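Everything on this sheet refers to the single structure shown next.
The values are calculated or read from the model by the stated rules, or taken from the named source; none is laboratory data. Treat the numbers as computed from the prediction; the structure is a model and nothing was measured. Methodologically, a virtual Cβ is constructed for each residue, glycine included, from the backbone with ideal geometry; neighbour enumeration extends over all protein chains shown.
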Amino acid sequence: MGKAVSFTYDEDRRTGTYEVRSGMVRVTTEFGTKTTQVGGSPPLVIARMLAHELMQQAK
């Protein structure tokens, strides 16, 4: 089960979920799914960035 993540783009607030497995952060939103490696940032920060990227690509 994923953890909740919220993100904002152009004052539009949305939510999604994220999970961390095998050193990878995977975020799922209404705009799709995106995965990347956990780096030096906390997984929640990475999840918000990924969610923002998904929303930005959809607009």
* Asked: When you look at Val27, is it touching a Ser or Thr at 6+ places or on another chain (Cβ under 9 Å), modelled with pLDDT of 95 or more and aliphatic (A, V, I, L, M), yes or no?
  -> yes
* Asked: If you scan the stretch 29-54, which residues turn out to be touching a helix residue (DSSP H, G or I) at 6+ places or on another chain (Cβ under 7 Å), under 15 Å from Thr17 (Cβ atoms) and surrounded by fewer than 16 Cβ atoms within 10 Å (Cβ to Cβ)?
  -> Gly32
